[in-house]
Amino acid sequence: MILRMNLGSDSYDIKIEQGILNKLNDEIKDVYSKKRVFIITDSNVGPIYLRKVKEALYDFETLDVTVKAGEESKSFDTYKMVLEKLLDMDIKRNELLIALGGGVVGDLTGFVASTIFRGNPFVQIPTSLLAQMDSSIGGKTGIDFYNRKNIIGAFKQPLKVIIDPDTLNTLPQAEFNNGMGELIKHGCIGNAKLFNMLKSKPKINEEIIYESLLVKKRVVEIDPFDQNERMYLNFGHTFGHVIELKNHLRHGEAVAVGMLYAIQFGIDLGITDKSCYDELKKILVSYDLPTNHGDYKDLLKETVHDKKNLAGMLSFVFIKEIGTVLKKEFKESELINYECKN
Ligand SMILES: NC(=O)c1ccc[n+]([C@@H]2O[C@H](COP(=O)([O-])OP(=O)(O)OC[C@H]3O[C@@H](n4cnc5c(N)ncnc54)[C@H](O)[C@@H]3O)[C@@H](O)[C@H]2O)c1
Ligand SMILES: [Zn+2]
């Protein structure tokens, strides 16, 4: 299946196909005519897929850099190490970088690609569920710094995104669950068909990834630089960020619970259809995602510290029903003194 990201001269294809890793030679030739490619991967993904990927790229000279698996690789130290290795290999302007791994490798490689020689081309080959259904498209790249996530970065669209759902077979269960939280979120905010598909807990296939990326594609095309509509992707995140820190949950798990809070809040405001709560909870339970939570009112005060709080105004994302999203602005003081009127 092919999805086209329409962003003027930055447009690109997203190809989703089981077994496409074996056809990489043609897929890369389609967008790149030089000889050398530089693959960046991590210490979990490399041992499983690097050899296969290099063999598949038989017409190319392949060089590679492996970083340590995990979020700590989105750092200045690793960024510097990757640049040093690439320069040691005498990388030239316009030579291609390939990100082979999860969102960490994707964000890091994209940032390297956006800065080396003021911008080399790069291709994403996402291998985690989160990266396949979300982070590999949209062009946000970057690293963490000063205890703040994604604080240094650039917008840099890939030349192509190549997705092989077969790679999910080796993904650890905890990472799978992490991606599921965000996948269900995409169903909630923009795709009732996707939400309904997930009810029977199918194996993640091309169609599910396609439907999820469709939701992200629509908002990225309208708002490539994250000024407005892209914030709909934040559904469940304002509460989610508070409990992610407090309860030491993984991001996707915190988003799962955060969505339940946002639905509670929306129901009290008369925005959200009451049936959404049970519908969502049922799906979360079926995927073993956490659903226990307290009262959203107890968390409202803490949400004002969210990084999306702009000059004392905070936008909350709500759903009206499954698949329909909207946002509402609150003054910081309104949230601190919030009292339910119902
Ligand atoms: N750029 C964006 O728009 C965007 C959007 C959402 C999240 N992100 C970023 O994405 C990152 C999280 O991504 P993630 O959840 O993929 O994390 P990750 O890259 O750390 O991958 C999770 C773990 O799974 C392993 N892994 C990946 N694919 C595997 C496979 N096929 N088989 C076995 N192991 C595999 C990785 O080595 C890692 O240990 C965060 O840094 C987040 O900020 C970016
Ligand atoms: Zn998220």
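The values are calculated or read from the model by the stated rules, or taken from the named source; none is laboratory data. As the structure is a prediction and not an experimental result, all values here were calculated from the model. Cβ coordinates were reconstructed from backbone atoms using ideal geometry, including for glycine residues, and neighbour counts include every protein chain displayed. Keep in mind that these areas ignore ligands, DNA and RNA; they rest on the heavy atoms of the full protein, side chains included. Shrake-Rupley method; radii C 1.70, N 1.55, O 1.52, S 1.80 Å.
Using a probe of 1.4 angstrom, how much of the accessible area of the chain is carbon and sulfur, in percent? Display every interim value, and only then the final one.
Details: 7530 of 15370 Å².
Within the chain, the accessible surface is 49 percent carbon and sulfur.
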Pairwise Cα inverse-distance average, inverted: Kirkwood Rh of the chain (Å): 20.7
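Would you mind classifying the range 21-80 by shape? Square roots of the alpha carbon gyration tensor eigenvalues, ordered a ≥ b ≥ c; an a/c under 1.5 is rounded, otherwise it is prolate if a/b is larger than b/c and oblate if not.
Numbers: a/c = 2.76, a/b = 1.79, b/c = 1.55.
Here the range 21-80 falls in the prolate category.
Let a ≥ b ≥ c be the square roots of the eigenvalues of the Cα gyration tensor of the range 201-318; is it rounded (a/c under 1.5), or, if not, prolate (a/b larger than b/c) or oblate?
Numbers: a/c = 1.57, a/b = 1.09, b/c = 1.45.
Taking the square roots of the gyration eigenvalues as a ≥ b ≥ c, the range 201-318 is oblate.
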In order through the range 184-200: 3J(HN,Hα) via Karplus (6.51 cos²θ - 1.76 cosθ + 1.60), integer Hz, x for Gly, Pro: 5, 4, 4, x, 4, 8, x, 7, 5, 4, 4, 4, 5, 4, 6, 4, 8
Pairwise label distance in nanometres, Asp13 with Arg51, each label 7 Å out on the Cα-Cβ vector: 3.0
Paramagnetic reach from Tyr287 (point 7 Å along Cα→Cβ, amide N under 14 Å) across the range 121-148: 129-135
The range 126-166: C-alpha pair distances exceeding 17 Å, %: 41
Backbone HN-Hα couplings from phi across the range 121-135 [Karplus 6.51/-1.76/1.60, Hz, Gly and Pro as x]: x, 8, 10, 9, 10, x, 10, 9, 4, 4, 5, 6, 9, 8, 6
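Mind scanning Lys149/Lys320; Lys35/Lys85; Lys29/Lys54; Lys199/Lys301; Lys297/Lys327 and naming the pairs with a C-alpha gap bigger than 22 Å? Mind dumping the intermediate values first?
On the way: Lys149/Lys320 30 Å; Lys35/Lys85 18 Å; Lys29/Lys54 14 Å; Lys199/Lys301 34 Å; Lys297/Lys327 18 Å.
Going by Cα-Cα distance, Lys149/Lys320; Lys199/Lys301 fall outside the 22 Å limit.
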Amide proton proximity set for Val67, modelled H, under 5 Å, gap of 5+: Thr41, Asp42, Ser43
Antiparallel DSSP beta bridges within the chain, as percent of all bridges there, nearest 5: 45
Neighbour-limited loop hits for trypsin sites (Lys or Arg not before Pro), the range 115-215 (at most 13 other Cβ within 10 Å; DSSP other than H, G, I, E, B): Lys199, Lys203
Distant-in-sequence amide H partners of Phe145 (H built 1.01 Å from N, under 5 Å): Asn150, Ile151, Ile152
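Can you give me the accessible area per residue for the range 2-170, using a 1.4 Å probe, in Å²?
Working: 7340 Å² over 169 residues.
Per residue, the range 2-170 has 43 Å² of solvent-accessible surface.
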Between helix 275-286 and the chain: long-axis angle, C-alpha atoms, 0 to 90°, nearest 10: 50
Where labels lie 7 Å past Cα in the beta-carbon direction, separation of Lys193 and Asp166 in nm: 2.6
Inter-part distance where the range 99-130 and the range 1-46 are each reduced to a Cα centre, Å: 11
Overall dimensions of the range 1-147 as given by Cα atoms, namely Rg and Dmax in Å: 14.2, 42
Long-range HN-HN contacts of Leu96 with modeled amide H, under 5 Å: Phe38
Nearest-ten-degree value, helix 76-88 long axis tilted from longest Cα axis of the chain: 20
